[in-house]
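S.K.: Sharing a structure with you now.
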Amino acid sequence: MHNPDGDGNPAVAHLVDRQPAVSPERLIAQLKPPPTFADASFASYRPDPAQPTQAAAVVACTNFCRQAAERRAGRRKLLGKREVLPGVGLYLDGGFGVGKTHLLASVYRDLPDSAEHPRAFATFMELTQLAGVFGFTECVDLLGDYTVVCIDEFELDDPGNITLVSRLLSELVARGVSVAATSNTLPEQLGEGRFAVQDFLREINTLATIFTTVRVDGPDYRHRDLPPAPQPPSDEQVTAQAVAVPNATLDDFDALCAHLATMHPSRYLTLIEGVSEVFLTGAHRIDDQNVALRLVALVDRLYDAGVPVVASGVKLDDLFGADMLAGGYRKKYLRATSRLLALSAAG
């Protein structure tokens, strides 16, 4: 990370110099809640008294855990054998910053973990990557004995993923796997405003029938008592700070965005592994949707890992313009902005 350069001065590392690789074994090892939610539990979730849906969501989650355990145990038949019962589905829908990921991680922690019937927690991107690496049939076999698969930020950006995930979850539920998911979009609205949804209604409706939807309302907790986005520091200030922080990285904003395009987003977690703080220079409003979505994926991984961000250029709540926020990915951009502001406050 920090190595002396030819002049004897400390040289800060750069994310653009990293070429992360993710092995199949690493993908499986990653199937657990991120460090930010490592200790999450139903007991540590604090429902807002002004938002009754939050307390109701805790009840729904605990009931789901009970049902998931019962379904995995199956029904006893003659000669001591057990009949496999289909899994159940829970879909936590609500705005960003209301604690849905905390509840999802609590579901994961609440259910027993065993070698025979393990549990999994993955982002939607990690789940699709898992299917891509192992193949559909192998992925079903890999996860088919799990008690629960928890999927965070369930959003479909690619119509091909609708068919893949619909088939995958249908197969897993039939084999007794229960599925819990979070999203800002109801199952029947996935993909809305992004592509010809009518061409994929059957798959979307299949997803909707798997889940019982539970609404979680409330304001974004990340912004409680937070001031508006501060005036960004200068390039020189960012550079000076980066050099002073052990295990930090320093990158030009455009160069980092270009680097993100060279790898699958499932590698972003490995890209930031061991990084204590991310410093960026020259941040500006993004006009390209592909660039914006890759940045959103990186922000999600930074937030999961609790890595602070400091950036010069435009304010971090001005990265996504009005045109972007008016499109089908509005909720993704708003979530990323919310998380960036929280990370910048930590920085």
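The values are calculated or read from the model by the stated rules, or taken from the named source; none is laboratory data. These figures come from a predicted structure and were not determined experimentally. All Cβ positions, even for glycine, are placed from backbone atoms using ideal geometry, and neighbour counts span all protein chains on display. We work out accessible area using only protein heavy atoms, side chains counted, and drop any ligands, DNA or RNA first. Shrake-Rupley method; radii C 1.70, N 1.55, O 1.52, S 1.80 Å.
S.K.: Here are the criteria: (1) over 24 Å from residue 324 (Cβ atoms); (2) among the β-branched types (Val, Ile, Thr); (3) at pLDDT 95 or above. Tell me which single one residue 270 does not satisfy.
M.R.: So the condition that residue 270 fails would be (3).
S.K.: So in the stretch 227-259, with the set limited to residues that are within 25 Å of the chain's Cα centre (by Cα) and among the aliphatic types (A, V, I, L, M), which one is nearest to residue 337 (Cα to Cα)?
M.R.: Filtering the stretch 227-259 for residues that are within 25 Å of the chain's Cα centre (by Cα) and among the aliphatic types (A, V, I, L, M), the one nearest to residue 337 (Cα to Cα) comes out as 229.
S.K.: If you don't mind, another one. Consider residue 39 against the criteria (1) surrounded by fewer than 18 Cβ atoms within 10 Å (Cβ to Cβ); (2) more than 22 Å from the chain's Cα centre (by Cα): it satisfies all of them except one. Which criterion is unmet?
M.R.: Status for residue 39: all satisfied but (2).
S.K.: Taking the condition surrounded by fewer than 13 Cβ atoms within 10 Å (Cβ to Cβ), under 30 Å from residue 219 (Cα atoms) and of a type outside the set (D, E, K, R), does residue 52 pass?
M.R.: On the way: surrounded by fewer than 13 Cβ atoms within 10 Å (Cβ to Cβ): yes; under 30 Å from residue 219 (Cα atoms): yes; of a type outside the set (D, E, K, R): yes.
For residue 52, the condition - surrounded by fewer than 13 Cβ atoms within 10 Å (Cβ to Cβ), under 30 Å from residue 219 (Cα atoms) and of a type outside the set (D, E, K, R) - is met.
S.K.: Checking residue 288 against (1) touching a Phe, Trp or Tyr at 6+ places or on another chain (Cβ under 8 Å); (2) closer than 27 Å to residue 326 by Cα: exactly one of these is not met. Which one?
M.R.: Here residue 288 meets the rest and fails (1).
S.K.: Looking only at the stretch 160-201, count how many residues are charged (D, E, K, R) and at pLDDT below 60. Walk me through it before giving the result.
M.R.: Within the stretch 160-201, the first condition is being charged (D, E, K, R), and the residues that meet it are 167, 171, 175, 188, 192, 194, 199.
Keeping just the survivors that are at pLDDT below 60 gives 188, 192, 194, 199.
Looking only at that region, the number is 4.
S.K.: Please state which of the following conditions residue 298 fails to meet, knowing it meets all the rest: (1) surrounded by fewer than 15 Cβ atoms within 10 Å (Cβ to Cβ); (2) closer than 27 Å to residue 39 by Cβ.
M.R.: With respect to (1) surrounded by fewer than 15 Cβ atoms within 10 Å (Cβ to Cβ); (2) closer than 27 Å to residue 39 by Cβ, residue 298 is out only on (1).
S.K.: Turning to a different aspect of this structure: Quick one: in the stretch 17-40, which of the residues that are within 20 Å of residue 263 (Cβ to Cβ) and of a type in the set (S, T, N, Q) is modelled with the lowest pLDDT?
M.R.: Top of the filtered list is 23.
S.K.: Let me ask you something else. Consider residue 246 against the criteria (1) part of a loop (DSSP other than H, G, I, E, B); (2) surrounded by 15 or more Cβ atoms within 10 Å (Cβ to Cβ); (3) modelled with pLDDT of 95 or more; (4) not charged (D, E, K, R): it satisfies all of them except one. Which criterion is unmet?
M.R.: Here residue 246 meets the rest and fails (2).
S.K.: Ok, one more. If only one of 68, 55 is touching a residue at least 60 places away in the same chain (Cβ under 8 Å) and either part of a helix (DSSP H, G or I) or within 21 Å of residue 123 (Cα to Cα) (or both), which one is it? Working first, answer last.
M.R.: Working: 55 fails: touching a residue at least 60 places away in the same chain (Cβ under 8 Å).
After ruling out the rest, the residue left standing is 68.
S.K.: Being under 21 Å from the mean Cα position of the chain (by Cα), farther than 27 Å from residue 298 by Cα and at pLDDT 90 or above: is that true of residue 111 here? Talk me through it step by step, then tell me what you get.
M.R.: Working: under 21 Å from the mean Cα position of the chain (by Cα): yes; farther than 27 Å from residue 298 by Cα: yes; at pLDDT 90 or above: yes.
Spelling it out, residue 111 is indeed under 21 Å from the mean Cα position of the chain (by Cα), farther than 27 Å from residue 298 by Cα and at pLDDT 90 or above.
S.K.: Hey, among the residues in the stretch 70-108 that are among the aromatic types (Phe, Trp, Tyr) and modelled with pLDDT of 90 or more, which one's nearest to residue 183 (Cα to Cα)? Talk me through it step by step, then tell me what you get.
M.R.: Keep residues of the stretch 70-108 that are among the aromatic types (Phe, Trp, Tyr), which gives 91, 96, 108.
Filter again for modelled with pLDDT of 90 or more, leaving 91, 108.
Working: 91: 8, 108: 17 Å.
Checked the stretch 70-108; the qualifying residue nearest to residue 183 (Cα to Cα) is 91.
S.K.: State yes or no: is residue 109 among the basic types (Lys, Arg), farther than 19 Å from residue 61 by Cβ and touching a residue at least 60 places away in the same chain (Cβ under 8 Å)?
M.R.: So residue 109 fails the test.
S.K.: Suppose we filter the stretch 131-159 for residues that are under 17 Å from the mean Cα position of the chain (by Cα) and at pLDDT below 90; how many remain?
M.R.: The total comes to 7.
S.K.: Name every residue in the stretch 251-295 that is open to solvent by 10 Å² or more (accessible area, probe 1.4 Å) and polar (S, T, N, Q), in order of residue number.
M.R.: If the condition is that a residue be open to solvent by 10 Å² or more (accessible area, probe 1.4 Å) and polar (S, T, N, Q), then 262, 270, 276, 281, 289, 290 are the ones that fit.
S.K.: Follow-up question, since we're still on this one. Among the helices (runs of 4 or more DSSP H) lying completely within the stretch 250-347, list those that include at least 3 residues that are touching a strand residue (DSSP E or B) at 6+ places or on another chain (Cβ under 6 Å) and not charged (D, E, K, R). Even if it seems obvious, please write down each step before you answer.
M.R.: Numbers: elements: 253-260, 268-271, 289-305, 322-325, 330-346.
By residue number, 330-346.
S.K.: If you go through the stretch 74-90 one residue at a time, do you hit one that is small (Gly, Ala, Ser), open to solvent by 70 Å² or more (accessible area, probe 1.4 Å) and more than 22 Å from residue 171 (Cα to Cα)? Step through it out loud before you land on a result.
M.R.: Taking the stretch 74-90 and keeping what is small (Gly, Ala, Ser), we get 74, 80, 87, 89.
So of that shortlist, the ones also open to solvent by 70 Å² or more (accessible area, probe 1.4 Å) come out as none.
No, that holds for no residue.
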